[in-house]
1. At most 14 other Cβ atoms within 10 Å and a DSSP loop assignment: could you name the GluC sites (Glu not before Pro) in the stretch 1-102 that fit?
2. Would you compute, from DSSP H runs of 4+ residues alone, the mean residue ellipticity of the chain at 222 nm, taking -39500 (n - 2.57) per run and dividing by the full residue count, rounded to the nearest 500?
3. Considering only protein heavy atoms, with the full assembly of protein chains and a 1.4 angstrom probe, order ARG80, ARG166 by accessible area, largest first.
4. Where both residues lie in the chain, what percent of DSSP beta bridges are antiparallel, nearest 5?
5. Taking a 26 Å limit on the Cα-Cα distance, which of the listed pairs LYS40/LYS92; LYS57/LYS92; LYS40/LYS277; LYS8/LYS92; LYS8/LYS104; LYS104/LYS278 fall beyond it?
6. What is the percent carbon and sulfur in the accessible area of the stretch 40-84, measuring with a 1.4 Å probe over the protein chains and ignoring ligands?
7. Provide MET182, MET187, MET1, MET52 ordered by accessible surface of protein heavy atoms (probe 1.4 Å), highest first.
8. Show me the GluC sites (Glu not before Pro) within the stretch 159-214 that DSSP assigns to loop and that have at most 12 other Cβ atoms within 10 Å of their Cβ.
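The values are calculated or read from the model by the stated rules, or taken from the named source; none is laboratory data. Just so you know, these numbers come straight off a predicted model, no measurement behind them. Neighbour counts run over all protein chains shown; Cβ positions are idealised from the backbone, glycine included. Quick note on the areas: whole protein, heavy atoms, side chains included, nothing else; ligands and nucleic acids left out. Shrake-Rupley method; radii C 1.70, N 1.55, O 1.52, S 1.80 Å.
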Amino acid sequence: MLQIREAKDTDVEQVRDLFVQVYGEDYPFTDFYDTSWLKKSVYDENTLFLVMEDNGKIIATASMMLAAGGFDDMIGEAGRLVAIPDSRYRGKNLYTELIEALVKRTENRVQFLMAEARTAHRGSQRIAENVGWKAIGFEPMKYLLGSKRESAIFYGNCHQLSLTLRRNNPRVIPEIAPLAQMALENMALPVDIIVEDEVDGYPMGQSFTIELLKDQQGLTSLLRIERGRVSNVEVFGNFSLSYGFHRIDNSNTHYIVASEGNVVLGAVGFSYDSIDKKVRIFELIEFDEEVEGFLLASVDRIVREEL
């Protein structure tokens, strides 16, 4: 008899073996093969970790990550979806049942659902479409799998509250307009974008002193700057200086601080994924656009020269 339930710490070895059986020993996302990491996911309050078992044997697993955005964004990201390649289960849509269970069990905590589907085959795309999610974006060459890069299709779905809270007439630059129109159409939302065709880029002429954030003193100065952190936010991510220095000091995040003399003017936070060889900017704090442009250019330079 098939049963879907939340994972327990005693399940992690079976889950690890399931990933090895499906993807082999050379799967690049090595965390899925680490029983300590999997056990941490079991107890993580920001992860709903489900397994499907058949008479005590785990045959499939999936998770909903609830910290894909900020704590107030109510975003859920479905992932870690894998099922045993056994002929007995062919014809049974284990994936669809797991995704539907994830959605049902998080409906009071999540208002926007998202997932990435591989482009190497249509399987994961069909799964997302079977549960009513819509393609709203394309992420070219996002993942490094072995010696080749692979693109992903971005899927999304809204719950009712997110539709009620939607702010209309999103403003976009011309280069984004076709993608924005396609995404809104696919989500059955009004295509009410306003194209801003006279928008200047960030000014790049001025230089400032930069250094990595290393202590609480620099943190205090940055927390006094609201722009980019709590107002006029231009970058959205799942990490913030507001969480405290201990989180920054014990993770793969980096903050570059821009200053002039003894005056701190802003900072940009980014993380580096050593597996996929990619950088994600998750927070931008600044006084004005000149600082903003300088910080973004600094990240680009550091990534190219050092990472």
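1. Values: sites: GLU6, GLU13, GLU25, GLU45, GLU53, GLU77, GLU97, GLU100; in loops: GLU25, GLU45.
The qualifying sites are GLU25, GLU45.
2. Details: 9 runs with 87 residues, N = 307.
Roughly -8000 deg cm²/dmol at 222 nm, from the helical runs in the chain.
3. Numbers: ARG80 40, ARG166 70 Å².
If we order ARG80, ARG166 from most to least accessible, we get ARG166, ARG80.
4. On the way: 53 of 59 bridges.
Here the share of antiparallel DSSP bridges comes out near 90 percent.
5. On the way: LYS40/LYS92 30 Å; LYS57/LYS92 16 Å; LYS40/LYS277 24 Å; LYS8/LYS92 24 Å; LYS8/LYS104 19 Å; LYS104/LYS278 33 Å.
The pairs that break the limit, which is 26 Å between Cα atoms, are LYS40/LYS92; LYS104/LYS278.
6. Working: 810 of 1740 Å².
The nonpolar share, carbon plus sulfur, comes to 46 percent.
7. Details: MET182 65, MET187 35, MET1 175, MET52 0 Å².
From most accessible down to least: MET1, MET182, MET187, MET52.
8. On the way: sites: GLU175, GLU185, GLU196, GLU198, GLU211; in loops: GLU196, GLU198.
When the GluC sites (Glu not before Pro) of the stretch 159-214 are filtered for loop state and at most 12 Cβ neighbours within 10 Å, GLU196, GLU198 remain.
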